[in-house]
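To start, the structure under review is shown below, and the notes come after it.
What follows draws every value from the coordinates through simple rules; no lab data is involved. Keep in mind the model is a prediction, meaning the values are calculated, not measured. When we count neighbours, we look across all protein chains shown, and the Cβ atoms used for this are built from the backbone with ideal geometry, even at glycine.
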Amino acid sequence: MTYITYLVKHGSLPSAYAFFEAYQPPLYYFICSLIWRMFYGISALAAVKAIQSLSTAAGIIIAWIVLRDVKRIHPQPFALFLCTFMFIVYLPMLIYLSPMLGNELFSALLLTIAISYLLSILLNAQFSIKQSLILGCLSGTSLLVKYTGLLFFITVIIVLAYVMVKTPSLRKKAQKFLFCYCIMTFCIAGWWYLHNAIRYENPLIKANDMKKFSAVYDAQPPGNHTIEDFICFDLDIMKQPVLAIDADFDSLWQKNAYANYNRAFNSIPAGTFATAWIENHGLFLNLTKETLWKAQLVLFLALIPTLLIFVGFVSYCNDFIIHRSFLTFTILTLLFVSVGAYLYYNYKYPYFCHVKAFFLMHLLIPVGVFHANGISLLTCKWNTLHIFFIPFYIVFSIIITLLYSL
């Protein structure tokens, strides 16, 4: 809200040092400031609710796009598609972010649209100038919402380089496509990153780089991540799945309140897994020591879809080794670039507040495809699993609905 009210009051961009989120790209906050002006005449509460509805709408549209692309890329029988539908629609990460004020869901929406469009381009392999300009618009716009857009930009370059190498007959088309794509992306977003480079000597300026905000990070326990933290799934996350289990949230950020932290979050796989299914402070579920079972139940339920995603991912890796298709390469490249950047960020800035699955929210299309592929493979090999998966996802959706609505 600080960023939004600043834009409303001053009508200009803040200095990156002005407040904690001031370094963020401005597009989402600019749109929110317009919504604020439109609804503030009714009441401040109406304006806040209208801004919240932007995230809610983004979450709904993301789910629709993901399911549409899953159906297009990996067609399934209706019963199995229904399982994938319930997995995506009832993913808690989408639910608990939907009423929040922040650029996460809006950024994920733009990137989901861009990824979907890129996959459609690769399916027909036309690589027209019009397509490159549209993709450049989507890419540039996403870069004006969050730095995560850079991961998509890098992915597009890698994918087009792969197209040029694998299919010489498409090389000239791909070269023109890449050139026009880069020009359009730069025309839309380049000014912001040039502004940061000139003014702050860093096009990707972050709060982590500013001494003014170092206290926010210094207050957290040491999180010096080791190789073990990056590859080990800490099973303690199943026992204590949130950062503060005693609900003493007021002391959570005090320098010596280390006891409030769950050390399992120092394991990147475990902490990331947990935050996909429960908000990491337990506030959304109103968790206390007495009601911690709710978070534990959600995490145990999450093991099934996580297994299906892993099976689907392994299958896609194997499929790429055999067929080397553009589509499979793109999905895997996007995954590896995004996860690699996420791990690097956690390595460079080893704080608990950076272990969050929704930093990877833009990967829901690959995740949905992996899930659909995984459940299809297992039910094809063991047909009786239909009897398990369909009731499981019905129960899963009911439990998630009850826990996140009560």
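The table that follows gives values for the structure above.
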read-out: Ascending count of other beta-carbon atoms within 10 Å, so fewest first, for 182, 187, 380, 83; value: 380, 187, 182, 83
read-out: Size of charge dipole - the range 1-81 - debye, nearest 20, with Cβ of Lys, Arg +1 and Asp, Glu -1, no other charges; value: 200 debye
read-out: Which of 354, 362, 386, 10 has the fewest Cβ neighbours within 10 Å, and the rest in rising order; value: 10, 386, 354, 362
read-out: Eligible lysines near residue 381 by straight Cα distance, threshold 22 Å, same-chain separation 8 or greater; value: 71
read-out: ³J(HN,Hα), Karplus 6.51/-1.76/1.60, whole Hz, each residue of the range 274-290, x for Gly, Pro; value: 4, 6, 6, 10, 9, 5, 6, 9, x, 5, 5, 8, 6, 7, 9, 4, 6
read-out: Estimated [θ] at 222 nm from DSSP helical runs (n ≥ 4, -39500 (n - 2.57)) normalised by residues in the chain, nearest 500; value: -22000 deg cm²/dmol
read-out: For the range 1-146, the Rg and Dmax computed from alpha carbons only, in angstrom; value: 17.9, 55
read-out: Percentage relative contact order, the range 294-404, counting C-alpha pairs under 8 Å, at least six apart; value: 43 percent
read-out: Dipole magnitude (debye, nearest 20) for the chain, charges at Cβ of Lys, Arg, Asp, Glu; value: 1320 debye
read-out: Relative exposure of 148, 333, judged by other C-beta atoms within 10 Å (fewest first); value: 333, 148
